[in-house]
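The values are calculated or read from the model by the stated rules, or taken from the named source; none is laboratory data. What you are looking at is a predicted structure, and each value in this text was computed from that prediction instead of being measured. Every residue, glycine as well, gets a Cβ built from its backbone with ideal geometry; the counts of neighbours run over all protein chains shown.
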Amino acid sequence: MVHEFQCPHAGHYQCKFTSLVFEMEGKGEVLYRIDSWDSHLLDGLGQMQPAGPLYNIDCIEGSVSRLHLPHCEILTGGNQAELMVAHFTGDNIEIIQPLKMTDTHAIVDVEGLSLFGLLKKIVFYTSPISAQVLLFYEEIICKQIKNKLLIHLLPRNVPVEEVEKKRKGSIYFETSSTCQLTPGSKYRPSCDPYLSQPKVAKFECDYGPNYHPTFVVFFEAEEITVSLLDEDGMEVWEAHQIFPSGAEFVDEHREKLIQSVSCVMELADSLQSQKMITKEMYSNIKVAKTSQERMRILYEILQSAGRAVKAEFFEVLKEKQPFLVDELESGSKKA
């Protein structure tokens, strides 16, 4: 995916998807995307390995003066982490020493633009880095409906949208994903009574392009609680309660939602943007005169579309009308 960044004047501009920061000397349009760390790019780099995504950056006006590349090192007690920046131009590789390291970014001067990526010396890992736990849900329909939870352990500077592209058809759960993990160390999910495949896995600094899940958990319950433990059984990522599909909530509260939801077109916009409803379905919802009529039409669509679409509807509903969802969930628990 190519990002287009319009910078109307000189200043600092940060991408909300990648956390890249551009220092601009003047007006300019920046185009950039994430490329793969192909093996030929790493030839001749010796004891260096990727420490972040590889960014392909271009600016027609040439007004980018500095780049701030997001890193995931934990800088404590004056520790400055041995990070370098690789700048690839054709067959040439320039290794750049960062001008400055902040808690989140490595800053470098730039003269020409092309491929930029962070590098780190290969060492026997002993220090934790800032990492993230990403959860994706998939539904398996066979003799009986089962749920599959995909758990990704990744460095914090991997953009979530890059993983989402590889998980088409899955539903991403937004959680407080940040934690500290040590590359080379083993971890396991706690999701009793359900078992994961594998039971234990080593955390690696994966910068794509495939982003395979670290763990896969199969279960049949309407909800599951997941946390992450280290080799000593200590919790390194706090427990999160996941309602995998949300379909049961949507079915249970049909009448109340029809009467109470006011942002029907916002919900429909989100479902259409993810190609979960067609343009014709969207138009049928839009022509209805009242929000109640629109919700009734949307419910007819949800019934035929299946549990995965209901699940996404539930996630968007939680974002758009959180107080209504909380009220209905609280009422269900009391009942």
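Of all residues being acidic (D, E) and under 28 Å from K146 (Cβ atoms) in the stretch 281-335, which is modelled with the highest pLDDT? Just the residue, please. Don't jump to the end; show me each part of the working.
The initial filter retains those residues of the stretch 281-335 that are acidic (D, E), namely 293, 300, 312, 315, 319, 326-327, 329.
The next check asks that each one be under 28 Å from K146 (Cβ atoms); those that pass are 300, 312, 315, 319, 329.
Values: E300: 91, E312: 81, E315: 82, E319: 84, E329: 70.
It comes out as E300.
Can you list the strands (runs of 3 or more DSSP E) found entirely within the stretch 56-106 that contain at least 1 residues being surrounded by fewer than 19 Cβ atoms within 10 Å (Cβ to Cβ) and touching a Gly at 6+ places or on another chain (Cβ under 9 Å)?
Values: elements: 64-70, 83-89, 92-96.
Strands (runs of 3 or more DSSP E) meeting the threshold: 83-89, 92-96.
Taking the criterion of being in contact (Cβ under 8 Å) with a residue 60 or more places away in the chain, assigned to a strand (DSSP E or B) and either of a type in the set (D, E) or at positive phi (or both), would at least one residue in the stretch 32-46 satisfy it?
yes
Out of K27, K16, which single residue is touching a residue at least 12 places away in the same chain (Cβ under 8 Å) and basic (K, R)? Give the derivation first.
Details: K16 fails: touching a residue at least 12 places away in the same chain (Cβ under 8 Å).
The match here is K27.
Would you mind finding the one in E248, E223 that is within 30 Å of T178 (Cα to Cα) and touching a strand residue (DSSP E or B) at 6+ places or on another chain (Cβ under 7 Å)?
Criteria check complete, one pass: E223.
Name the pairs whose Cβ atoms lie under 6 Å apart, with the first residue in the stretch 146-175 and in a loop (DSSP other than H, G, I, E, B), the second charged (D, E, K, R), and 6 or more positions between them or separate chains?
As it stands, the answer is S170/E138, since those pairs meet every condition given.
Does L119 count as more than 20 Å from I34 (Cα to Cα) and surrounded by 18 or more Cβ atoms within 10 Å (Cβ to Cβ)? Before you say what the answer is, go through the steps one by one.
Values: more than 20 Å from I34 (Cα to Cα): no; surrounded by 18 or more Cβ atoms within 10 Å (Cβ to Cβ): yes.
So L119 fails the test.
Right, E23: loosely packed, with under 13 Cβ neighbours inside 10 Å and touching a strand residue (DSSP E or B) at 6+ places or on another chain (Cβ under 6 Å) or not? First the steps, then the outcome.
Values: loosely packed, with under 13 Cβ neighbours inside 10 Å: no; touching a strand residue (DSSP E or B) at 6+ places or on another chain (Cβ under 6 Å): yes.
When the stated conditions are applied, E23 does not pass them.
Taking the stretch 1-28 as the region of interest, how many residues are charged (D, E, K, R), under 20 Å from I107 (Cα atoms) and part of a strand (DSSP E or B)?
Quick first cut of the stretch 1-28, residues charged (D, E, K, R) only: 4, 16, 23, 25, 27.
Among the residues that remain, those that are also under 20 Å from I107 (Cα atoms) are: 16, 23, 25.
From what's left, part of a strand (DSSP E or B): 23.
Qualifying residue count, the stretch 1-28: 1.
Looking at the stretch 159-178, is at least one residue surrounded by 14 or more Cβ atoms within 10 Å (Cβ to Cβ), among the hydrophobic types (A, V, I, L, M, F, W, C), under 22 Å from the mean Cα position of the chain (by Cα) and at pLDDT 95 or above?
The answer is no, given that none of the residues of the stretch 159-178 is surrounded by 14 or more Cβ atoms within 10 Å (Cβ to Cβ), among the hydrophobic types (A, V, I, L, M, F, W, C), under 22 Å from the mean Cα position of the chain (by Cα) and at pLDDT 95 or above.
I'm told F313 meets every condition in (1) surrounded by fewer than 21 Cβ atoms within 10 Å (Cβ to Cβ); (2) touching a residue at least 24 places away in the same chain (Cβ under 8 Å); (3) within 19 Å of S260 (Cα to Cα) except one. Can you identify the failing condition by its number?
Result: F313 fails condition (1) only.
E111 fails exactly one of the following numbered conditions: (1) acidic (D, E); (2) in a loop (DSSP other than H, G, I, E, B); (3) within 27 Å of E161 (Cα to Cα). What is the number of that condition?
(3)
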